[in-house]
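See below for the structure under consideration.
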Amino acid sequence: MRVAAALALCCLLLLPRPALAAWGAHGMVAADHRLASRAGVEMLQRGGNAIDAAVAAIFAVGVVNPASCGIGGGGFVLIYLGKSGNAVALDYRETAPAAASRDMFVRDGKAVADLSRRGGLAVAVPGEVAGLAEALRRYGKLPLATVMEPAIRYARDGFAVEPHLADEIAEAAPDLRADPLLARTFLQADGSPRRAGDTVRQPELAATLQHIADDGPPAFYRGAMAKRIAQSVQARGGILTEDDLKQYRPTWRRPLRGSHHAAEVVTMPPPSSGGGVLLQILGILRHDELAAFGPNSPTFLHLLAEAMQHGFADRARFYGDPDFVHVPLADLLAPANTASVRRRIRMSGTLDHADYGSTIGRGTGGRAAAVDAGTSHVSVMDADGNAVACTSTVNTAFGAMLVAGDTGIILNNEMDDFSAQPGVPNVYGLIGAEANAIAPRKRPLSSMTPTIVTRNRQAILAAGGSGGPLIISATTEVLLNILDFNMDAATAVAAPRIHHQWTPAVLNVEPGIPPLTRQALARFGHVVKEMRDMGVVQAVRRTAGVFEGASDPRKGGEAAGW
Ligand code: GLY
């Protein structure tokens, strides 16, 4: 009996947790925290559009999921304008300080990981405030002060810690203890971590946000606040200056546009690798009848894993900040190239490690992937046909573990997204080449993949996620689940995933991938390893005039509709 009960429990644990679907007639916001989704809906109800809602939700999530993102970080926002059918992408990724140099993390010939992950040197110039304000200025309808109201409220009045944040706090507790403001905010008086259900208040952050709401981005990038940010970073060994903050500018970029069956896929260009690798994987799979294989069939998963390996091999070799290096996207995404890569995929087994990647180039090196705790994504659609996919991050949980004085601003550790040394892996096990080497004012390569799918000039899906390199695979899989396997958004987001980033040569599978499928994948030649919670995706879908939102159960968010 006991064995049977244990087996039944094991089977239950293998089932994916369901995503809570939300439905709405007027609009939808999917964030990885229910209060952030509600902040977005509040803007729609006050006459705002999808851009107002997305900006409100991202400011709010920076307060209620402060380990993931916030005004000390940066990100990307992709906007599809319902009226014109135009799409625009805003890059508010952090930049390396002007005093940064190629080997700044190298000591005695070796990259020192701790320097790029903790403390002052890890901090890149934040872009969040400038970027969100610019997106709002160009395409929003409501004033900055209005869209920041919910974030300020949550910071000032407090909110109950959700289980995901409680886990982050518990894991980071030793680092949080080292910073007085982080300790006061996230730990109890006796130094133990705050738990789920405890109230967190951030009065210092509330005052900072109010200042920005009143005076706009100059409140952050000039004057007393900029001085405090620079001084705090320098006091912890960093090189970021007031002038770096003054010089920071977000950049409008032309989105990448590709097709998948009858749909158009609009996504983020470099300095994210996310959109390029996603389109490359879709291009490689373009002529396969995926629906005939079935979503969890070993044949489909092998084919998908091989397409991922080729995409990630090219990521390692070619991708970097397009203002500094040429990323050969036209060649990589050309149908002739993706078809040639597809021909090289063997349906009977894997290739030699060095044989992955487009034949226009190859990459090297690697190690185990880490589950990313940082980063947050918001997907929004409104009744006017606008769609927004916005991803922000402080990189790993609580960024550099450094607060800028008494401002409550948690600063990012985005410098770790550069290749500290070509071929040496970052925290996600990702390697890069010269293309992603450090240079003054350069943007580090990202995996963030805000993506919008349209059909007949109507946005039908907005998606994206968090999880470092897992963002790319998870977003791709959600798209395939919806476009090829006809799943609704909630099922597509909750479905078990796989991930292969070429280096290391490991195929990660979630617990929901059955043992027999894993064995079949191993027979193809994959080194199969189980990994939990592979990426966190927020998706909003429009179908028959109704909006469906799904927040990934892996992080416990909740979409909100209106
Ligand atoms: N910091 C994670 C990323 O941008 O990919």
When segment 408-424 is checked residue by residue, the ones that are more than 17 Å from Gly74 (Cα to Cα) and either touching a Cys at 6+ places or on another chain (Cβ under 9 Å) or not in a strand (DSSP E or B) (or both) are Ala420, Gln421, Pro422, Gly423, Val424
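One line per residue, one yes/no per condition, for (1) under 18 Å from Gly374 (Cα atoms); (2) within 15 Å of the ligand (Cβ to nearest atom); (3) crowded, with 24+ Cβ neighbours inside 10 Å:
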{"position": "Tyr80", "(1), (2), (3)": "no, no, yes"}
{"position": "Tyr92", "(1), (2), (3)": "yes, yes, yes"}
{"position": "Ala100", "(1), (2), (3)": "no, no, no"}
{"position": "Phe105", "(1), (2), (3)": "no, no, yes"}
{"position": "Val112", "(1), (2), (3)": "no, no, no"}
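Residue-by-condition table, conditions (1) in a helix (DSSP H, G or I); (2) in contact (Cβ under 8 Å) with a residue 12 or more places away in the chain; (3) aromatic (Phe, Trp, Tyr):
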| site | (1), (2), (3) |
| --- | --- |
| Ile281 | yes, yes, no |
| Ala292 | yes, no, no |
| Asn296 | no, yes, no |
| Leu304 | yes, yes, no |
| Gly311 | yes, yes, no |
Pairs please, first residue from segment 352-368 and of a type in the set (Val, Ile, Thr), second anywhere and at pLDDT 95 or above, Cβ atoms under 7 Å, 6+ apart in sequence or on different chains. Thr359/Ser340; Ile360/Pro328; Ile360/Asp331
Write out, first by first residue and then by second, each pair whose Cβ atoms fall under 9 Å of each other, whose residues are 6+ apart or on separate chains, and whose first residue, in segment 372-398, is within 26 Å of Asn413 (Cβ to Cβ) while the second is more than 11 Å from the ligand (Cβ to nearest atom) and of a type in the set (Lys, Arg). Ser376/Lys555; Asn395/Arg117; Thr396/Arg117
Of all residues in segment 1-60, which are at pLDDT 95 or above, touching a helix residue (DSSP H, G or I) at 6+ places or on another chain (Cβ under 7 Å), within 30 Å of Val509 (Cβ to Cβ) and not hydrophobic (A, V, I, L, M, F, W, C)? Asp32, His33, Ser37
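Check whether at least one residue in segment 454-462 is of a type outside the set (Lys, Arg), in contact with a helix residue (DSSP H, G or I) (Cβ under 7 Å, 6 or more places away or on another chain) and within 16 Å of the ligand (Cβ to nearest atom), and report yes or no. Steps first, answer last, please.
Step one: filter segment 454-462 for residues of a type outside the set (Lys, Arg), giving 454, 456, 458-462.
Next, from what is left, pick out any that are in contact with a helix residue (DSSP H, G or I) (Cβ under 7 Å, 6 or more places away or on another chain): 461.
Filter again for within 16 Å of the ligand (Cβ to nearest atom), leaving none.
Within segment 454-462 (the criterion being of a type outside the set (Lys, Arg), in contact with a helix residue (DSSP H, G or I) (Cβ under 7 Å, 6 or more places away or on another chain) and within 16 Å of the ligand (Cβ to nearest atom)), the answer is no, since none of the residues qualifies.
Looking only at segment 373-383, filter to residues that are away from the ligand (no atom under 16 Å from the Cβ) and buried (at least 24 other Cβ atoms within 10 Å of the Cβ); which one of those is nearest to the chain's Cα centre (by Cα)?
Ser379
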Quick check: anything in segment 466-478 buried (at least 24 other Cβ atoms within 10 Å of the Cβ), more than 16 Å from the ligand (Cβ to nearest atom) and not charged (D, E, K, R)? yes
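Would you please name the residue that is surrounded by the most Cβ atoms within 10 Å (Cβ to Cβ), looking only at residues in segment 384-401 that are over 15 Å from the mean Cα position of the chain (by Cα) and within 16 Å of the ligand (Cβ to nearest atom)?
Only one residue tops the list, namely Ala400.
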Residues that are surrounded by fewer than 22 Cβ atoms within 10 Å (Cβ to Cβ) and part of a helix (DSSP H, G or I): does segment 542-552 have at least one? no
Among the residues of segment 403-427, which ones are buried (at least 23 other Cβ atoms within 10 Å of the Cβ), within 16 Å of the ligand (Cβ to nearest atom) and in contact (Cβ under 8 Å) with a residue 40 or more places away in the chain? Ile410, Leu411, Asn412, Asn413, Glu414, Met415, Asp416, Phe418, Ala420, Pro425, Asn426
Looking only at segment 496-521, how many residues end up being part of a loop (DSSP other than H, G, I, E, B), more than 19 Å from the chain's Cα centre (by Cα) and among the polar types (S, T, N, Q)? 1
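The values are calculated or read from the model by the stated rules, or taken from the named source; none is laboratory data. Keep in mind the model is a prediction, meaning the values are calculated, not measured. Using ideal geometry, Cβ is built from the backbone for each residue, glycine included, and neighbour counts are taken over all protein chains shown.
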